[in-house]
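Below is one structure, written out as structure tokens, with a few remarks after it.
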Amino acid sequence: MISSNSEIILSIEGLHASVEDQEILHGVNLLVREGEIHAIMGRNGSGKSTLSKVIAGHPSYKVLSGSIQFNGTNILDLAPEERARIGIFLGFQYPVEIPGVSNLEFLRVATNSRRKQLLKTELDTFEFEDLVKERLKIVEMDAAFLERSVNEGFSGGEKKRNEILQMALLEPVISILDETDSGLDIDALRIVASGINRLSQPNSATILITHYQRLLNEITPDFVHIMADGKIIKTGNKELAIDLEKSGYDFIDKNIKDKEMAK
Amino acid sequence: MKSSTISQEWLDSLPLTDGYLKNEQLKGREFLLTQGIPCKKDEAWRLSNFNKLDSFFSLPTTIDSEDLKSTFKFVSPEKDKNREKIIINSYKNPTFNINLPNGIEKLNNREIELNIGRIVKSANINNDISVSLNQASSSNLLALKVKRNFKQSLEIVIPSIEGKSISTRIFLLIEEGAKLDLLQVFLGNLNSAQNHLIEIKLESEAELNHGLISLGEEKKSSSICTLAVEQSKKSSYSLHSIHHGWDYARYEPRIIQSEGEASTIIKGLQVTKSKEQIATHSLIRFEGPNGKLDQLQKAVASEYSHCIFNGSIQVPQKAQKTEAAQLSRNLLLSKRARIDTKPELEIVADDVRCTHGATVSQLQDEELFYLLSRGIDNKHANSLLLKGYYDEVISQFPKSAGKWNFIEKLIQDIK
């Protein structure tokens, strides 16, 4: 159960960030506590994906001002691999295909980097195969995918399941899932959503970035945030997502106008 | 720019021979004397770093037993029962001290007379400096035929000798319907040069899976290799090569499908660092219809190095229904490194399917970020990406290639 006494995992304050000299985020504030599921919704170009990339430390994105704290520590000076190791996981909207790199080897190296951080013993190939076979069940993936190159020739749904498989192996503290639902048919959506639900822990948290409410039928968020023009302009509960689905994003424009009028 | 002449003294010092190679020597020496060291005006050599060619034409070629002691210091993987290994030392006639396995025989005099030099001629590379250098300096010949009943794989290792210029001449006849897995290994040495002329004839329905591992390893090591292959109808030839660690290397595969209707696969990788220069000049010609070619040439250039690829494909009128695909993919890892890649398709036949393409890129930032975002450190992520890049060429080497552990080297050496 979530209470305001739960530990804060992620705290973002006044975050301004740019890519290629264009400011995209204009002051994002977000607080995520243990056990919470947050949904961030908004139009294309509202800054949702940028926010996820900035949290993960993508080198093309520059933080202009503001702060991101993870478990009370400023992470802005950490390299992306360091952020991943301490438990920040980004599920990619478009998982990258890497020809020639075996999915199994990639998963093993990644899992061992995280395990090392957690002071757990690193797994050899045999031990890892046992672990990965067990985790494959969570996303109902065939072991044949392990033998292929990372994401190469995977369908949209298979790529997203591979992302959730990585989440299952890395056991992150916070997972930011960028449009994990896009391009999925109903069955794949259900599998992915059930995987995310199964992986939720009382001491971890999830941020779902999505366009549509349909993912939220499968995963119930504690908070729904609406982003527009690089800011979170409204925060509510699941009802907000339902309202949004009903009235479309036009109400955001109205909301912005009303705010301007009030000024 | 005028060619530098080759010293008469050096030419006179080349070991003489009798027999089949005697005429070749005369021809080669004559050509070198008039032609001189290649220069910018020679189209096929214009991108070469000419300073790096000196060693081939100036290092001593006489080899004594002391040289051999220092040469065989390298650790070569253990022999196994399914793989016959021949280590060529240019000191002795290579066929003297090998016990040939069942299914491989030496060519007899008549077969040698009939075959030697013929492929070089049909590949139209008679007046080529690489070939002439080998003709002028080779005094021994390894000429073998592989019979239909041969079941093992063959490994031919040629190490360079410190401070020397060596040359080897090989002829292989793969008889009708025979299958061979052949792994060739060239190893460099400090301040050394090696040049090779390899002729291979595949009779009809013969299959050759040919791997070539060419590793310079030591400072100032150089290599020139001409590989002339003639394929008869319904033969299949696949050639996988890596070149790495040479101060200078030039690799010239010339493949002729003499009647068409054969299949050729070529996958080449060259990886350069520091100030090295490695060049591949390939030529594939179809002399009949229904031939197939799948060619992939990859290069990785780092630091101040230079990779060159010149890929020629000739499809004359008689080669209708040829299907040929050539792709050159290149990774440029430093601002100071250089890659030159040039496809040259001459297509006269009108009913053919020929494609070609070339790309030059850097390691993909998005691929790198994906790996980093999973906690993999930068160095390891780069290694994984390089390994992935090499994989298309390396994964199809003959199985015994893995024992040479060259993949780690290809990754560690590249910064």
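The values are calculated or read from the model by the stated rules, or taken from the named source; none is laboratory data. The shown structure was predicted, so the numbers you read here are calculated from the model rather than taken from an experiment. Positions of Cβ are backbone-derived with ideal geometry, glycine not excepted, and every protein chain shown enters the neighbour counts. Accessible surface is based on the protein model in full, side chains and every heavy atom, while ligands, DNA and RNA are left aside. Shrake-Rupley method; radii C 1.70, N 1.55, O 1.52, S 1.80 Å.
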Subject >> Condition check for B:Thr359: part of a strand (DSSP E or B), open to solvent by 10 Å² or more (accessible area, probe 1.4 Å), under 30 Å from A:Asn151 (Cα atoms) and modelled with pLDDT of 90 or more >> reply: no
**OP:** Answer with yes or no whether B:Ser214 is out of contact with any His (no Cβ under 7 Å at 6 or more places or on another chain) and not hydrophobic (A, V, I, L, M, F, W, C).
**Re:** no
**OP:** Please identify the pairs in which a residue from region B:382-403 that is free of Cβ contacts under 8 Å to residues at least 24 places away in the same chain and within 15 Å of B:Tyr370 (Cβ to Cβ) has its Cβ atom under 6 Å from the Cβ atom of a residue that is of a type in the set (Val, Ile, Thr) and in a helix (DSSP H, G or I), counting only partners at least 6 apart or on another chain.
**Re:** none
Subject >> Of the criteria (1) modelled with pLDDT of 85 or more; (2) buried (at least 16 other Cβ atoms within 10 Å of the Cβ), which one B:Pro398 fails >> reply: (1)
**OP:** Would you check which residues across region B:372-381 are open to solvent by less than 50 Å² (accessible area, probe 1.4 Å) and either more than 7 Å from chain A (Cβ to nearest Cβ) or outside any helix (DSSP H, G or I) (or both) and list them?
**Re:** B:Ser373, B:Arg374, B:Gly375, B:Ile376, B:Ala381
Subject >> Where A:Gln166 falls short, out of the listed (1) in a helix (DSSP H, G or I); (2) within 9 Å of chain B (Cβ to nearest Cβ); (3) open to solvent by 10 Å² or more (accessible area, probe 1.4 Å) >> reply: (3)
**OP:** Can you tell me which residue among A:Leu199, A:Leu184 is away from chain B (no Cβ under 14 Å), farther than 30 Å from B:Ser395 by Cβ and free of Cβ contacts under 8 Å to residues at least 60 places away in the same chain?
**Re:** A:Leu184
**OP:** Considering each residue of region B:332-356, count those that are free of Cβ contacts under 8 Å to residues at least 40 places away in the same chain, assigned to a strand (DSSP E or B) and either among the aliphatic types (A, V, I, L, M) or within 14 Å of another protein chain (Cβ to nearest Cβ) (or both), and give that number.
**Re:** 3
Original post:
Just to be sure, is B:Glu205 open to solvent by 10 Å² or more (accessible area, probe 1.4 Å), without any contact (Cβ under 8 Å) to a residue 40 or more places away in the chain, in a loop (DSSP other than H, G, I, E, B) and not hydrophobic (A, V, I, L, M, F, W, C)?
Top reply: yes
Original post:
So, of the residues in region A:149-161 that are part of a helix (DSSP H, G or I) and over 14 Å from the mean Cα position of the chain (by Cα), which turns out to be nearest to the other protein chains (Cβ to nearest Cβ)?
Top reply: A:Lys159
Original post:
Is one or more of the residues making up region A:177-199 on the phi > 0 side of the Ramachandran plot and either basic (Lys, Arg) or open to solvent by 20 Å² or more (accessible area, probe 1.4 Å) (or both)?
Top reply: yes
Original post:
Can you name the condition, by its number, that B:Ser130 falls short on among (1) of a type in the set (Ser, Thr, Tyr); (2) farther than 19 Å from B:Ile87 by Cα; (3) free of Cβ contacts under 8 Å to residues at least 60 places away in the same chain?
Top reply: (3)
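Conditions tested, residue by residue: (1) at pLDDT 90 or above; (2) outside any strand (DSSP E or B); (3) exposed (fewer than 13 other Cβ atoms within 10 Å of the Cβ).
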residue: A:Ile209; (1), (2), (3): yes, no, no
residue: A:Ile232; (1), (2), (3): yes, no, no
residue: A:Leu240; (1), (2), (3): no, yes, no
residue: A:Lys254; (1), (2), (3): no, yes, yes
residue: A:Lys257; (1), (2), (3): no, yes, yes
**OP:** Would you check if there is a residue in region B:219-234 being among the small types (Gly, Ala, Ser) and closer than 17 Å to B:Gln297 by Cβ?
**Re:** no
**OP:** Consider B:Leu386 carefully, then state whether it is within 14 Å of chain A (Cβ to nearest Cβ), crowded, with 16+ Cβ neighbours inside 10 Å, within 27 Å of the chain's Cα centre (by Cα) and not in a strand (DSSP E or B).
**Re:** yes
Original post:
For A:Glu179, are the conditions met, namely being among the acidic types (Asp, Glu) and touching a residue at least 12 places away in the same chain (Cβ under 8 Å)?
Top reply: yes
Subject >> Scope region A:72-102; condition at pLDDT below 95, surrounded by 17 or more Cβ atoms within 10 Å (Cβ to Cβ), outside any loop (DSSP other than H, G, I, E, B) and at the interface with chain B (Cβ under 8 Å from one of its Cβ atoms); matching residues >> reply: A:Ile98, A:Gly100, A:Val101
Subject >> Members of region B:129-183 found to be among the β-branched types (Val, Ile, Thr) and either under 22 Å from B:Arg250 (Cβ atoms) or more than 20 Å from the chain's Cα centre (by Cα) (or both), listed by number >> reply: B:Ile129, B:Val131, B:Val146, B:Ile156, B:Val157, B:Ile158, B:Ile161, B:Ile166, B:Thr168, B:Ile170
Original post:
If A:Phe154 passes every condition in (1) open to solvent by less than 60 Å² (accessible area, probe 1.4 Å); (2) under 25 Å from A:Ile37 (Cα atoms) but one, which one does it miss?
Top reply: (2)
Subject >> Unique match (being within 14 Å of another protein chain (Cβ to nearest Cβ) and either open to solvent by less than 40 Å² (accessible area, probe 1.4 Å) or closer than 20 Å to B:Ile278 by Cα (or both)) among B:Glu303, B:Glu367 >> reply: B:Glu367
Original post:
Could you list, in sequence order, the residues of region A:32-71 that are open to solvent by less than 20 Å² (accessible area, probe 1.4 Å), farther than 23 Å from A:Leu199 by Cβ and outside any helix (DSSP H, G or I)?
Top reply: A:Gly42, A:Ser46, A:Gly47, A:His58
Subject >> Options B:Glu261, B:Glu252, B:Glu287; residue that is in contact (Cβ under 8 Å) with a residue 12 or more places away in the chain, acidic (Asp, Glu) and open to solvent by less than 30 Å² (accessible area, probe 1.4 Å) >> reply: B:Glu252
